[in-house]
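Chemist: Structure provided below as structure tokens; questions to follow.
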Amino acid sequence: QVQLVESGGGLVQAGGSLRLSCAVSGRSFRRYYMAWFRQAPGKEREFVAAISWSVGATYYADSVKGRFTISRDNAKNTVYLQMNSLKPEDTAVYYCAAGNGIVALANTNEYDSWGQGTQVTVSS
């Protein structure tokens, strides 16, 4: 089992930036895919971005491509989501997730570990 703790959410104006962090601990997580999902009120949880911890390959939802960057720091066992050019529609609770042997990165059922979530609010 992998343990995940998110931080870095907050309130920001449209056009601003935030960086979310996800501290990772547990067994064998360096073979995992790490991902960020988000869930707005009344909506389903949706895929934002993912990274293969072992090789660093990254994947993004079309809605955030070019604005968000996912990365990992091996020394700190932390995954980051740098969010630039934020829009009001980015407002949501952001969750860090981890999974092994994932086939469909955007499928929440593929991930077996989740963080508690961190709120991101973008004002217009």
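The values are calculated or read from the model by the stated rules, or taken from the named source; none is laboratory data. This structure is a prediction, so every number in the text was calculated from the model and none was measured. When we count neighbours, we look across all protein chains shown, and the Cβ atoms used for this are built from the backbone with ideal geometry, even at glycine. Ligands, DNA and RNA are stripped out before the accessible areas are found, and what is left, the full protein with its side chains, is counted by its heavy atoms. Shrake-Rupley method; radii C 1.70, N 1.55, O 1.52, S 1.80 Å.
Okay, residues lined up against (1) under 16 Å from E6 (Cα atoms); (2) modelled with pLDDT under 95; (3) within 13 Å of the chain's Cα centre (by Cα):
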residue	(1), (2), (3)
R38	yes, no, yes
G56	no, yes, no
Y59	no, no, yes
N84	no, no, no
K87	no, no, no
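Chemist: Is it the case that some residue within segment 102-112 is closer than 17 Å to A23 by Cβ and surrounded by 15 or more Cβ atoms within 10 Å (Cβ to Cβ)?
Modeler: Our first condition is that a residue be closer than 17 Å to A23 by Cβ; within segment 102-112, this holds for 111.
From what's left, surrounded by 15 or more Cβ atoms within 10 Å (Cβ to Cβ): 111.
Looking through segment 102-112, at least one residue is closer than 17 Å to A23 by Cβ and surrounded by 15 or more Cβ atoms within 10 Å (Cβ to Cβ).
Chemist: Could you grab me the full set of residues in segment 113-124 that are hydroxyl-bearing (S, T, Y) and open to solvent by less than 30 Å² (accessible area, probe 1.4 Å)?
Modeler: Within segment 113-124, S113, T118 meet the criteria.
Chemist: I'm trying to understand the selection: among the residues of segment 69-101, which are open to solvent by 20 Å² or more (accessible area, probe 1.4 Å), closer than 10 Å to C22 by Cα and in a strand (DSSP E or B)?
Modeler: Within segment 69-101, R72, Y80, Y95 meet the criteria.
Chemist: Same structure again: Quick one: in segment 54-68, of everything that is of a type in the set (S, T, N, Q) and open to solvent by less than 70 Å² (accessible area, probe 1.4 Å), which residue is farthest from R27 (Cα to Cα)?
Modeler: Here is the first cut: in segment 54-68, the residues of a type in the set (S, T, N, Q) are 54, 58, 63.
Next, only the ones that are open to solvent by less than 70 Å² (accessible area, probe 1.4 Å) stay: 58, 63.
Values: T58: 22, S63: 32 Å.
By that ranking, first place goes to S63.
Chemist: Restricting to segment 5-24, and then to whatever is open to solvent by less than 60 Å² (accessible area, probe 1.4 Å) and in contact with a Gly (Cβ under 7 Å, 6 or more places away or on another chain), can you tell me which residue is farthest from T121 (Cα to Cα)?
Modeler: The residue in question is C22.
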